[in-house]
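Inspection log for the structure reproduced underneath, given as structure tokens.
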Amino acid sequence: MSDEADDITSRAMVVRRCPVKYSAPSIEYYVNPAYLTPNLSLFGSIGDHCILSVLSYLDGISLIKAGTACRTLHELSKNDQLWLSLCRSQWHVSPDHLAVKCKVTGKDLYRFAQQQMQRVAREILEAQLNVPTWHLPSHTVQALTRSVFGGLG
């Protein structure tokens with residue numbers, strides 16, 4: 001027990017309380033150094049796993065925007081598991097579906113899938129606008145395409 005106490009006091013910072021009168025004894029307090037360094041993080045003592053759990057509820061565009069808010073969110077938003085779960089949930093695509101020889105990150109896979117969906121949405125829009133039987137205004141077709149493909153296009 002004394003070794004543990006000696007270890008704590010050797011790493012601790014000694015704070016002395018100055019007496020009001022010179023005849024009064026000074027009082028020493030031992031403070032753990034971990035409590036002296038200010039936590040300058042935006043999220044305080046919230047762990048990364050909690051923040052990742054919150055980020056997992058975002059869609060891709062929101063996750064990209066969250067990554068621009070601060071350094072902590074930027075690092076956490078690069079988490080490959082977040083992006084892979086987005087690809088699986090939105091487009092049912094995983095790295096196993098791709099015939100590539102190099103490793104694909106989740107974010108790259110998400111961007112690829114998003115670009116492909118935008119291309120498909122554009123092709124659908126162009127096909128619908130070029131068919132004479134469709135008498136919908138172009139803004140209505142664009143709104144329908146956005147609603148089907150989640151804001152892409």
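(1) modelled with pLDDT of 80 or more; (2) more than 30 Å from residue 44 (Cβ to Cβ); (3) touching a helix residue (DSSP H, G or I) at 6+ places or on another chain (Cβ under 7 Å): which one isn't true of residue 104, the others all being true?
(1)
Condition check ((1) β-branched (Val, Ile, Thr); (2) surrounded by 11 or more Cβ atoms within 10 Å (Cβ to Cβ); (3) modelled with pLDDT of 85 or more) across all residues:
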position: 47; (1), (2), (3): no, no, no
position: 52; (1), (2), (3): no, yes, yes
position: 75; (1), (2), (3): no, yes, yes
position: 80; (1), (2), (3): no, yes, yes
position: 83; (1), (2), (3): no, yes, yes
position: 100; (1), (2), (3): yes, no, no
position: 117; (1), (2), (3): no, yes, no
position: 128; (1), (2), (3): no, yes, no
position: 134; (1), (2), (3): no, yes, no
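Quick grid of which residues meet (1) β-branched (Val, Ile, Thr); (2) within 30 Å of residue 117 (Cβ to Cβ); (3) modelled with pLDDT of 75 or more:
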| residue | (1), (2), (3) |
| --- | --- |
| 11 | no, no, no |
| 20 | yes, no, no |
| 27 | yes, no, no |
| 30 | no, no, no |
| 57 | no, yes, yes |
| 66 | no, yes, yes |
| 69 | no, yes, yes |
| 94 | no, yes, no |
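The values are calculated or read from the model by the stated rules, or taken from the named source; none is laboratory data. What you are looking at is a predicted structure, and each value in this text was computed from that prediction instead of being measured. As a convention, Cβ positions derive from the backbone with ideal geometry for all residues, glycine included, and neighbour counts pool all protein chains shown.
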